[in-house]
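Data first, discussion second: the structure below is written as structure tokens.
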Amino acid sequence: MYMIRRHQINFRRLGVPGRVHFFKNIMNLEENLNKILSKYDELQKKATSDEVINSPKDYVLISKELSEILPTVDLIKKFKKIKEEIKESNLIIEDPKSDNEMKEMAKKELEDLIGIEKELEKEIQLAVLPKDKDDSKNAVLEIRAGTGGDEAGLFAADLFRMYQRYCDYKSWKFEILGISESLVGSYKEATALVSGDNVFSKLKFESGVHRVQRVPNTEASGRIHTSAATVAVLPEVEDVDVNIDEKDLRIDVFRASGPGGQSVNTTDSAVRITHIPTNIVVQQQDEKSQHKNKAKALKILRARIYDYEQSKLKKSESEERKNQVGTGDRSERIRTYNFPQGRVTDHRINLTLHKLEQVLSGESLDEIIDKLLAEDKAIKLANLN
């Protein structure tokens, strides 16, 4: 047996309704903003209590919650201050004792304050949008060659390097978990663990089919070929997220082999783990140690089982489909890299950048990712109203 442990979205823990009714009227707004402020005060008290101070684990958890809620608390305090200033301006305007000059000044100030109030309300809406519970996690990145033969393998390698360089720009740790080569420089499959702040939130929309259009080096006639590779971004999960029963695992060991099938080791260091209930299979052979290969394989297996269960949940929630960029299906063609035209097109948001080299170097990948995240927020905001 295995078990997926569910997590609550942070702002639901605060007692704030997740979606539709949060900003329906001013009474609900005030009530829910006060709940967030109360929760913040409660967390501050906990953080200074002897019980939490003497428990490093609890202190880290409370500190993390405080850091997550603090930007929203600052916005709420500004919002409340502006509302007080609006109230004062209205009192001056309505006061029969106020002279005309004072009233005109108050009207002008009121106009500016109302504009600021609307902007702050929008920022608060964005701040309390339902968040993916996995956003703060590290990510397991898997890239597989798709249709297109050797050219697809070369493109898979290009994508793997693109993400590796992007991680360098972001100062994230990029740990290669395994690479399966078909030819030198051509990847059948490559897996890495990306660690850093909110990694999964930035990379999750990279999942899907990436397509390349270019002239292969082996193409004498100069004809453009189309090949593809599949990218999967999974949240890294620990034992506390997925509990796997050893009885559900079949573990095989064998000698590692390189491109073309030649043996690269004299001992049975490679590991293949099959999760019987889901039939998910993970194979690792990059390390010389069987123990290290098994540890890596289990890390990937946990991520795949968790993703498998989450995918089943999303399929059963039709509303979830409306609240994300694209369909979320890994078979969906999400992006095309056109070498002759030097362009990259993301089909989900109809974005085209004539910066192919900069995107593949990782330098300009954020231009696509940031627009995807902005579109996702816009969709969620639209569904609030």
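The values are calculated or read from the model by the stated rules, or taken from the named source; none is laboratory data. Just so it is clear, the model here is predicted, and its values are computed rather than measured. Methodologically, a virtual Cβ is constructed for each residue, glycine included, from the backbone with ideal geometry; neighbour enumeration extends over all protein chains shown.
Of the set (1) crowded, with 20+ Cβ neighbours inside 10 Å; (2) modelled with pLDDT under 95, all apply to E238 but (1).
Of all residues in the range 104-133, those that are in contact (Cβ under 8 Å) with a residue 60 or more places away in the chain have Cβ atoms under 9 Å from Cβ atoms of residues that are among the basic types (K, R) and surrounded by 16 or more Cβ atoms within 10 Å (Cβ to Cβ), 6 or more apart or on another chain, in L126/K380; L129/K380; P130/K380; D132/K204. The helices (runs of 4 or more DSSP H) found entirely in the range 1-57 that carry 3 or more residues being modelled with pLDDT of 70 or more and crowded, with 17+ Cβ neighbours inside 10 Å are 26-47.
So that you can scan it fast, the table gives a plain yes or no per residue for (1) under 30 Å from K35 (Cα atoms); (2) under 20 Å from the mean Cα position of the chain (by Cα); (3) part of a strand (DSSP E or B):
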position	(1), (2), (3)
E111	yes, no, no
E123	yes, no, no
L126	yes, yes, no
D135	yes, yes, no
L203	no, yes, no
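It is to be established whether one or more residues within the range 251-274 are of a type in the set (V, I, T), at pLDDT below 90 and in a strand (DSSP E or B). So far as the range 251-274 goes, yes, one or more of its residues are of a type in the set (V, I, T), at pLDDT below 90 and in a strand (DSSP E or B). Tallying residues that are surrounded by 15 or more Cβ atoms within 10 Å (Cβ to Cβ) and farther than 24 Å from L129 by Cα within the range 60-97 yields 5.
If I filter the range 175-182 for residues that are in contact with a helix residue (DSSP H, G or I) (Cβ under 7 Å, 6 or more places away or on another chain), closer than 30 Å to E30 by Cβ, in contact (Cβ under 8 Å) with a residue 40 or more places away in the chain and not aliphatic (A, V, I, L, M), do I get at least one hit? No: the range 175-182 contains no residue that is in contact with a helix residue (DSSP H, G or I) (Cβ under 7 Å, 6 or more places away or on another chain), closer than 30 Å to E30 by Cβ, in contact (Cβ under 8 Å) with a residue 40 or more places away in the chain and not aliphatic (A, V, I, L, M).
Residues in the range 347-367 that are within 14 Å of K170 (Cα to Cα), in contact with a helix residue (DSSP H, G or I) (Cβ under 6 Å, 6 or more places away or on another chain) and not in a helix (DSSP H, G or I): S361, G362, S364.
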